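The values are calculated or read from the model by the stated rules, or taken from the named source; none is laboratory data. Keep in mind the model is a prediction, meaning the values are calculated, not measured. When we count neighbours, we look across all protein chains shown, and the Cβ atoms used for this are built from the backbone with ideal geometry, even at glycine.
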Amino acid sequence: MSDWNVARYKQRLRAFNVEKTVNSIVRKNKKEIIKLNKDNLDKGLNSEDLLVGSYSTYTQAWAFRKGKEANTLKIAGANYNFNWTGKFIKGIFITYENNKIKFFSKGMGLTSKTRFITNNNLLGVSKKGAKVINNDIIQPNLQDSFKNHLNK
């Protein structure tokens with residue numbers, strides 16, 4: 001009887017599609033994964049956890065004239081917060097291809113904006129964010145899926 005169980009588990013192991021399961025996990029958790037990128041941008045950090053830049057006195061004066069809300073003002077010396085990026089932040093989405101999560105945005109805008117986003121590595125997560133994705137999102141969900149698959 002125990003030989004039958006081992007054979008059954010071997011058969012189930014062969015049938016478990018890790019790639020398809022990870023793809024499904026990434027899709028189900030896309031909001032949480034994208035939020036990791038947005039949280040870094042809120043702090044003015046890029047995908048390498050490096051400061052992108054800080055606002056100048058000119059930018060602060062311009063923002064004040066625009067009359068934007070106090071919580072989104074661009075204060076001289078403060079880190080970029082990307083609150084006024086329009087469709088860039090709202091347009092961030094991910095794909096999962098070739099064992100990698102890739103970040104894109106539908107709101108890349110004009111060439112100069114696209115160049116700024118690309119040159120400053122604004123899309124993606126840092127090593128710390130990658131650990132969260134791997135250890136807190138993918139790993140536990142993959143383990144659960146695997147257990148459920150074996151116990152069918």
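A compact table of results
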| item | result |
| --- | --- |
| Failed item in (1) within 16 Å of Val125 (Cα to Cα); (2) in contact with a Phe, Trp or Tyr (Cβ under 9 Å, 6 or more places away or on another chain); (3) surrounded by fewer than 17 Cβ atoms within 10 Å (Cβ to Cβ), with Ser47 passing the rest | (3) |
| Checking Ala63 against (1) in a helix (DSSP H, G or I); (2) small (Gly, Ala, Ser); (3) modelled with pLDDT of 95 or more, the condition it does not meet | (3) |
| Residue match in segment 24-41 (condition: in contact (Cβ under 8 Å) with a residue 60 or more places away in the chain, in contact with a Ser or Thr (Cβ under 8 Å, 6 or more places away or on another chain) and farther than 20 Å from Gly124 by Cα) | no |
| Flag if Leu41 is modelled with pLDDT of 95 or more and farther than 17 Å from Lys131 by Cα | no |
| Lone qualifier among Asn134, Asn79 - being of a type outside the set (A, V, I, L, M, F, W, C) and within 30 Å of Lys20 (Cβ to Cβ) | Asn134 |
| Test: Ala78 is touching a residue at least 24 places away in the same chain (Cβ under 8 Å), surrounded by 13 or more Cβ atoms within 10 Å (Cβ to Cβ) and either at negative phi or acidic (Asp, Glu) (or both) | yes |
| Answer from Ile25, Ile101, Ile33, Ile94 - the residue that is in contact with a strand residue (DSSP E or B) (Cβ under 7 Å, 6 or more places away or on another chain), part of a helix (DSSP H, G or I) and either at pLDDT 95 or above or of a type outside the set (Val, Ile, Thr) (or both) | Ile33 |
| Subset of segment 1-23 [surrounded by 11 or more Cβ atoms within 10 Å (Cβ to Cβ) and touching a residue at least 12 places away in the same chain (Cβ under 8 Å)] | Tyr9, Arg12, Leu13, Phe16, Val18, Thr21, Val22, Asn23 |
| Residue within segment 1-16 that is at pLDDT 85 or above, closer than 19 Å to Ser145 by Cα and in contact with a helix residue (DSSP H, G or I) (Cβ under 9 Å, 6 or more places away or on another chain) present | yes |
| Matching residues in segment 36-60 - criterion: being part of a helix (DSSP H, G or I) and polar (S, T, N, Q) | Asn37, Asn40, Thr57, Thr59, Gln60 |
| Number of the exception - Phe82 against (1) in a helix (DSSP H, G or I); (2) of a type in the set (Phe, Trp, Tyr); (3) in contact with an Asp or Glu (Cβ under 8 Å, 6 or more places away or on another chain) | (1) |
